[in-house]
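Trainee: Mind looking over this structure? Questions follow.
The values are calculated or read from the model by the stated rules, or taken from the named source; none is laboratory data. None of these values were measured; they are calculated from a predicted model. Heads up, the Cβs are rebuilt from the backbone with ideal geometry, glycines too, and the neighbour counts pull from every protein chain shown. Heads up: the accessible areas ignore ligands, DNA and RNA and are worked out on the full protein's heavy atoms, side chains in. Shrake-Rupley method; radii C 1.70, N 1.55, O 1.52, S 1.80 Å.
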Amino acid sequence: MSLALNFTYAGSKKLGGHGIPNEMLKPALERASKALEHVRSERKSGKLPYLDLPEDRKTDQACREMAEKFEGFENFLLAGIGGSSLGPLAIFNALGHPMHNLLSNSKRKNRPRFFTLDNVDPVQADALFSFCKPEKTVYNIISKSGATAETAGASLIIFDALKKKLGSDWKKNLVCTTDPETGDLRKLCNTEKLQTLPLHSGVGGRFSVLTPVGLFPSYCLGFDVAAMLQGAAEMREKCLDQDVTKNPAANLAALLYLFDTTQHKRMHVMMAYANGLYGMADWFRQLWAESLGKELDLEGKPVYVGPTPLKALGATDQHSQVQLYIEGPHDKVFLFLEVKKFAKRVKFPSLYGNVSSLDYLGGQTMNKLIAAEFTATREALAQRNRPSVTITFPEVDAHAVGEFFMLWEMTTSIAGALYRINPYDQPGVELGKVLTYGLMGRAGFEDKAKGIKV
Ligand code: PA5
């Protein structure tokens, strides 16, 4: 069972000129085909190692063995930000029990509670550090560069808490996931002889979910990592298909590129009809925004491109955003995430047969209601000429999650080539980082924040 993509509601006929007609799609697919050739040759020359992560047995084994050391721990605290936290959070959100952190130890099957510390919100951080006792917590510090301020700050607090509580044993509850060779965190790990997992050199943060960034927490939480990697590998093969008419990533990239650049549909709204997939929409937002939002093209010419990814939750946001989506500006395309079979079936009891707003629901299921709400919203949008693409999860399981990650990573690579920008860098976030260093008095950056004050 695989993810299924439905492009019917992106075509032109139903959408009063707001869709992408076949004659427009064809040349874009031809360009996507060339982009795919480029992806293939970059893979061959070792420049896109993210594509081969599903077969990296050595790393997989290292993550599994590391996780075995932490069996029985009560808490897992991941300190990392952006690509170093959104992937693991999306996995936890999709595959974990919705009440996981509130369940008893035995109901959690002795798996740890899972927390992420990405932001530097003092109230949130204080609460997390107070709740997670160092002796009962496995701390996973994740930073590819090893210098990110938010993660560096969290690391200091973690090191200090561990040293104070565990004395000479302080390193036992700590695993650092970082570049195998470079960066301050790597240097510190080498000097202090800390336990580490490698974050592959050629894999950028937002493409790193299938490295130890996502695999180690997944093993600790008891998720089916083999199925996730299998799903990713299968999707990769589909997305490498040279027959671009059948290739899901080529189609998605070509359509979304055309919606943005020719139809003024610059808002790409991922609307998940399942709470468990909301984290996936969050992960997608970073991938799409940071990869495609660029000032310069490959020749260094200013182009200022990039669609704006948004997330929404169905049916909740039908009572919040859908008014805007249906009647507001024609500037959006919708990416629906639909689930065919939910892990649970909830039936509405039959009560109050004389109250018509309750009676019709009695005896039916919540599963049917959310399916009906999705179908109705997609149809209503289409009737108001609002295009959409639907990605259907047969079930929310590890295999589908792996497929989803690879689908969007490859779509991003192809879209990057269509926009003619580098999807793997993020120069735009540098200035903010440098100014923060200046404001915080980091050596060598004192001049950078001259004239501005906290
Ligand atoms: O995708 C990216 O490269 C970024 O979002 C990074 O993941 C984020 O800035 C965190 O960086 P690092 O892992 O180096 O601490």
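Trainee: Quote the Stokes-Einstein diffusion coefficient, in whole µm² s⁻¹, for the stretch 228-367, based on the Kirkwood radius over alpha carbon pairs, a temperature of 4 °C and a viscosity of 1.567 mPa s. Numbers along the way, then the final one.
Mentor: Values: Rh = 18.2 Å.
Rounded, D is 71 µm²/s.
Trainee: Using a 1.4 Å probe on the protein heavy atoms only, what accessible surface does SER350 show? Give it in Å² to the nearest 10.
Mentor: Taking all protein chains as shown, SER350 has close to 90 Å².
Trainee: Moving on. Once you put a point 7 Å from the Cα of ASP169 and another 7 Å from the Cα of LYS34, both along the Cβ direction, what distance in nm separates them?
Mentor: Taking the two extended label points, one gets 6.3 nm.
Trainee: Treat each spin label as a single point 7 Å out from the Cα along the C-beta direction, and report the GLU299 to GLN124 distance in nm.
Mentor: With each label point 7 Å from Cα toward Cβ, the separation is 4.3 nm.
Trainee: Okay, next question. What list of ³J(HN,Hα) couplings, whole Hz, do you get for the stretch 372-385 from phi and the Karplus terms 6.51, -1.76, 1.60, once you set θ to phi - 60° and write x for glycine and proline?
Mentor: Running phi through 6.51 cos²θ - 1.76 cosθ + 1.60 with θ = phi - 60° gives 5, 5, 5, 4, 5, 5, 4, 5, 4, 4, 4, 5, 9, 6 Hz.
Trainee: Here's a follow-up. Please list, ordered by chain and number, the residues whose modelled amide H lies under 5 Å from the amide H of LEU199; skip anything fewer than 5 residues away on the same chain.
Mentor: For LEU199, the qualifying residues are THR178, ASP179.
Trainee: Report, in listed order, any pair from LYS133/LYS453; LYS265/LYS311; LYS14/LYS294 with a Cα-Cα distance greater than 25 Å.
Mentor: Numbers: LYS133/LYS453 36 Å; LYS265/LYS311 15 Å; LYS14/LYS294 33 Å.
The pairs that break the limit, which is 25 Å between Cα atoms, are LYS133/LYS453; LYS14/LYS294.
Trainee: Tally up the carbon and sulfur contribution to the accessible surface of the stretch 57-199 as a whole percent, 1.4 Å probe, everything protein left in place. Please report the intermediate quantities before stating the final value.
Mentor: Values: 3760 of 7030 Å².
Carbon and sulfur: 53 percent of the exposed surface of the stretch 57-199.
Trainee: Let me ask another. Test of understanding: what is the full-extension gain from ASN101 to THR182, defined as 0.36 nm times their sequence separation minus their Cα-Cα distance? Provide the component values of the computation, followed by the final result.
Mentor: Working: separation 81, 0.36 × 81 = 29.16 nm, distance 3.48 nm.
Length gained between ASN101 and THR182: 25.7 nm.
Trainee: Additional query: At 1.4 Å probe size, what's the solvent-accessible area of ASP118? Round to the nearest 10 Å².
Mentor: 50
Trainee: Based on the Cβ-Cβ distance from LYS368 to LEU324, what FRET efficiency comes out when R0 is 25 Å, to the nearest 0.05? Before the final figure, lay out the partial values.
Mentor: Values: r = 27 Å, r/R0 = 1.08.
The calculated FRET efficiency here is 0.40.
Trainee: Can you give me the accessible area per residue for the chain, using a 1.4 Å probe, in Å²? Write out the running numbers ahead of the final one.
Mentor: Details: 21460 Å² over 454 residues.
Accessible area per residue: 47 Å².
Trainee: If you project the alpha carbons of the chain onto their three principal axes, what span does each projection cover, largest first, in Å?
Mentor: Its Cα atoms span 68, 65, 49 Å along the three principal axes.
Trainee: Also: Given contacts defined as C-alpha pairs under 8 Å and at least six residues apart, what's the relative contact order of the stretch 143-288, whole-number percent? Walk me through the intermediate numbers first.
Mentor: Details: 113 pairs, mean separation 21.5, N = 146.
15 percent.
Trainee: Counting only residues 5 or more places away or on other chains, whose amide H sits under 5 Å from the amide H of ALA274 once H atoms are built in the peptide plane?
Mentor: Those lying under 5 Å, H to H, from ALA274 are GLY314.
Trainee: Expressed as a whole percentage, what fraction of the accessible surface of the stretch 240-395 belongs to carbon and sulfur atoms when a 1.4 Å probe is rolled over the protein heavy atoms? Provide the component values of the computation, followed by the final result.
Mentor: Numbers: 3950 of 7400 Å².
Percent of accessible area from carbon and sulfur atoms in the stretch 240-395: 53.
Trainee: Roughly what would the spin-label model give for ASN110 and THR261, points 7 Å off Cα along C-beta, in nm?
Mentor: It is 5.5 nm.
Trainee: Each residue of the stretch 32-42 in turn: what ³J(HN,Hα) in whole Hz from Karplus with 6.51, -1.76, 1.60 and θ = phi - 60°, glycine and Pro shown as x?
Mentor: After applying 6.51 cos²θ - 1.76 cosθ + 1.60, I find 4, 5, 5, 4, 5, 4, 5, 4, 4, 6, 5 Hz.
Trainee: Ok, one more. Which value results for Rg/Rh of the stretch 57-199 when Rg is the Cα radius of gyration and Rh the Kirkwood radius based on the inverse mean 1/r?
Mentor: Details: Rg = 14.5 Å, Rh = 15.5 Å.
On the Cα set of the stretch 57-199, Rg over Rh gives 0.94.
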